[in-house]
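A short worksheet on the structure shown next.
The values are calculated or read from the model by the stated rules, or taken from the named source; none is laboratory data. As the structure is a prediction and not an experimental result, all values here were calculated from the model. Every residue, glycine as well, gets a Cβ built from its backbone with ideal geometry; the counts of neighbours run over all protein chains shown. Accessible surface areas use protein heavy atoms only, side chains included; no ligands, DNA or RNA. Shrake-Rupley method; radii C 1.70, N 1.55, O 1.52, S 1.80 Å.
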Amino acid sequence: MPSVSSTVASVSAAAPAPALALYQQIKDHISRKIQDGSWPAGHRLPSEHELVAQFGISRMTVNRALRELSEQGRIVRVAGVGSFVAEEKPQSTLLQIANLASEIRQRGHDYRCEVLTVERISASMEVAAALDLRLGDSVFHSVCVHLEDGVPVQLEDRYVNPRVVPDFGAQDFTQMQPSEYLVRNVPFDQVEHVVDAVLPSAEQAEQLAMQVQQPCLLLTRRTWTRGVPVTVVRCLHPASRYRLGSRFRADGNPVFG
């Protein structure tokens with residue numbers, strides 16, 4: 001296969017228009033593979049070393065191409081493992097981190113949090129990618145069910161970066177829910193919300209006291225502080241019991257109050 005450098009030379013000779021930068025050509029090559037279905041979601045990309053050898057360019061150039069594709073959400077990079085084609089789904093942005101306990105109490109209803117799990121485990125590939133850690137690094141994991149007047153309205157499955165929140169595992173989350181604890185103790189400067197419509201697993205349906213054929217809204221949230229990931233959490237809501245949304249002005253700023 002001809003190198004990118006030789007391709008650039010032939011294109012330049014054929015037309016006066018300037019050739020794309022080498023890193024952009026690598027990005028385009030990978031994007032085409034994803035777009036035409038050659039590399040489906042979850043497909044492992046060639047390593048940096050393999051791309052260097054294939055295209056005859058520097059590792060720095062390849063690294064820039066992969067970094068920008070990762071920032072654009074086209075691929076997921078896992079330290080020590082490799083790069084993978086990301087799931088490509090439409091997403092809606094919610095503007096606030098809601099305090100579920102306060103919302104329920106403001107409606108005049110009883111709030112309760114049942115803590116099912118608080119543990120320290122090895123990060124899976126997906127969790128490591130979300131928290132910018134290495135596969136197998138230690139992370140905190142908690143699972144809670146939030147109830148309104150005794151009825152489950154949210155199943156919260158959370159992973160927390162212990163480098164940022166070393167005391168997370170020692171907290172009593174029956175007194176202060178994990179989201180509230182993190183907001184109070186770890187100032188965040190970035191938040192990402194992704195909402196999907198899903199069906200619960202058998203275990204999740206049991207935890208939420210619902211039928212497996214009933215749809216749910218899955219809110220996946222990540223937060224950062226000074227560019228370092230703090231937490232990734234999946235909040236599963238029975239669609240018949242909970243709504244997700246936001247209100248904002250025409251200039252894009254949220255409306256509070």
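Distance between the modelled labels on Ser47 and Arg112, one decimal in nanometres: 5.4 nm (7 Å Cα→Cβ projection).
Let a ≥ b ≥ c be the square roots of the eigenvalues of the Cα gyration tensor of the stretch 115-165; is it rounded (a/c under 1.5), or, if not, prolate (a/b larger than b/c) or oblate?
On the way: a/c = 3.06, a/b = 2.60, b/c = 1.18.
It comes out prolate by the Cα gyration axes.
Express the accessible area of the stretch 188-240 per residue in Å², computed with a 1.4 Å probe while the remaining protein chains stay in the model.
Working: 2650 Å² over 53 residues.
I get 50 Å² per residue for the stretch 188-240.
Here r is the Cβ-Cβ distance between Lys33 and Ala79 and R0 is 22 Å; the resulting FRET efficiency, rounded to 0.05, is 0.45.
The eigenvalues of the Cα gyration tensor, multiplied by 5 and square-rooted, give the stretch 105-257 an equivalent ellipsoid with semi-axes of 24, 21, 17 Å from largest to smallest. Backbone phi angles across the stretch 52-57, fed through the Karplus curve with coefficients 6.51, -1.76 and 1.60 (θ = phi - 60°), yield HN-Hα couplings of 4, 5, 5, 9, x, 10 Hz in residue order; Gly and Pro are listed as x. Taking all protein chains together and rolling a 1.4 Å probe, Thr225 ends up with roughly 30 Å² accessible. Take the stretch 32-162 with all the other protein chains still there, run a 1.4 Å probe, and you get 53 Å² of accessible area per residue. The stretch 152-168 and the stretch 32-57 have their alpha-carbon centroids 34 Å apart. With the convex hull drawn around the C-alpha atoms of the stretch 45-160, the volume per residue stands at 125 Å³.
Sort 152-162, 170-180, 40-50 by the packing proxy (mean of other Cβ within 10 Å over each peptide's residues), most packed first.
On the way: 152-162: 22.3, 170-180: 16.0, 40-50: 13.2.
With the highest mean Cβ count within 10 Å placed first, the list reads 152-162, 170-180, 40-50.
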